Amino acid sequence: MSDPHTTPVAFIGLGNMGLPMALNLMKAGHPVRGFDLSETARALAATQGLPLAGSAHEAVEGAAVVISMLPASRHVEALYLGPAGLLGRLPAGTLLIDCSTIAPASSRLLAEAAVAQGLDCLDAPVSGGTAGAAAGTLTFMAGGDAATLDQATPLLQRMGANVFHCGGAGAGQATKLCNNMLLAVLMIGTSEALALGQSLGLDATVLSEVMRRSSGGNWVLEKYNPVPGVMDAAPASRGYSGGFGSALMLKDLGLAMEAAVASGSATPLGAAARQLYAMHCQAGQGGLDFSSVLGLISGQD
Ligand code: NAD
């Protein structure tokens, strides 16, 4: 990357996270061209003024950096690998930054294939939710070469407040899986406490504030209360729309459980959380934000 402030960027995947991230790069002065398979996502991006390409291949023409923000491993592998994948068409020296949350093994596969083509590659999943993406305060958990991350850091700082180097290829994903397993457990535990409180006749706002300032305080109570109306900016207060889908949380818990099996780790609460999110998704709620698991806990699914 010659000038990190004006590097042309291709941004693939303009969903709940990708669009606000791409917009922050654009606002910081980068020439950005975006692409999403979904017409709805493209239409929303167009209303926000983001320049769009007609395909992923068109988006990466002339780009020094390709950023992807896709749902799961299979989407990332389909985009980059295989005969029709992007890898074979990118000039040597192009930097790939995959911000999707996917299996660490898929990130390693991508990194090996990229390096074999003379490309640089980082896995850089994020934490901070859609609010963090919009505010440019995401936390990046990066895996890959330290010098490559140094080069990418000015760009990542346009979209985030914290950039961590977690280790080699796949280490960003491994870190993200640990974080999201903890987040799921916190969401379920907090929902359970709030549902119990409401059934005891307590006011959810008062109970939330007491727990937030007491030994039960956690990120869910700080930023993401699952009870509608308690926190105006939380997805719960807009019908659990936007945010982080329950189906995506179920995917992350599945990845965490695969990793636990592979490493022989005991993750009893993570396993219970995966089952609860599987039940919630089976009940047809996979498209709702993950805080809607409160409905399962309180018997409303
Ligand atoms: P999303 O479903 O809102 O967006 C994903 C977008 O990718 C969709 O618009 C889809 O059409 C597009 N897409 C899929 N395959 C494509 C392809 N081959 N080419 C172009 N576009 C393609 O998901 P999201 O909430 O933005 O999450 C994206 C990733 O970030 C996921 O891995 C998720 O686990 C992770 N994540 C999400 C949050 C959150 O709060 N939403 C927070 C941290 C991490």
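The values are calculated or read from the model by the stated rules, or taken from the named source; none is laboratory data. The model shown is predicted, which means the values in this text are computed figures rather than measured ones. All Cβ positions, glycine included, derive from the backbone under ideal geometry; neighbour counts span all protein chains shown. Side chains included, ligands, DNA and RNA excluded: accessible areas come from the protein's heavy atoms. Shrake-Rupley method; radii C 1.70, N 1.55, O 1.52, S 1.80 Å.
Per-structure values
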read-out	value
The stretch 79-96 - residue that is outside any loop (DSSP other than H, G, I, E, B) and within 13 Å of the ligand (Cβ to nearest atom) and, of those, most open to solvent (accessible area, probe 1.4 Å)	L79
Of all residues in the stretch 237-249 being near the ligand (Cβ under 10 Å from one of its atoms) and under 10 Å from A278 (Cα atoms), the one that is least open to solvent (accessible area, probe 1.4 Å)	M249
Top-ranked residue in the stretch 146-166 [being touching a helix residue (DSSP H, G or I) at 6+ places or on another chain (Cβ under 8 Å) and more than 16 Å from the ligand (Cβ to nearest atom); ranked as least open to solvent (accessible area, probe 1.4 Å)]	L155
Unique residue being open to solvent by less than 60 Å² (accessible area, probe 1.4 Å), away from the ligand (no atom under 12 Å from the Cβ) and either touching a helix residue (DSSP H, G or I) at 6+ places or on another chain (Cβ under 6 Å) or within 30 Å of G242 (Cβ to Cβ) (or both) when the list is G132, G118, G143	G143
Residue in the stretch 99-120 that is closer than 17 Å to G18 by Cα and more than 15 Å from the chain's Cα centre (by Cα) present	no
Selection from the stretch 193-226 of residues that are crowded, with 20+ Cβ neighbours inside 10 Å and outside any helix (DSSP H, G or I)	Y224, N225, P226
Residue under evaluation T190, criteria (1) within 19 Å of the chain's Cα centre (by Cα); (2) of a type in the set (V, I, T); (3) crowded, with 21+ Cβ neighbours inside 10 Å, criterion not met	(1)
Of all residues making up the stretch 98-115, the number that are under 16 Å from F11 (Cα atoms) and either surrounded by fewer than 24 Cβ atoms within 10 Å (Cβ to Cβ) or touching a Phe, Trp or Tyr at 6+ places or on another chain (Cβ under 7 Å) (or both)	0
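Results for (1) assigned to a strand (DSSP E or B); (2) at negative phi; (3) of a type in the set (A, V, I, L, M, F, W, C), shown as yes or no for each residue.
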| site | (1), (2), (3) |
| --- | --- |
| L110 | no, yes, yes |
| A134 | no, yes, yes |
| Q151 | no, yes, no |
| R158 | no, yes, no |
| V163 | yes, yes, yes |
| T175 | no, yes, no |
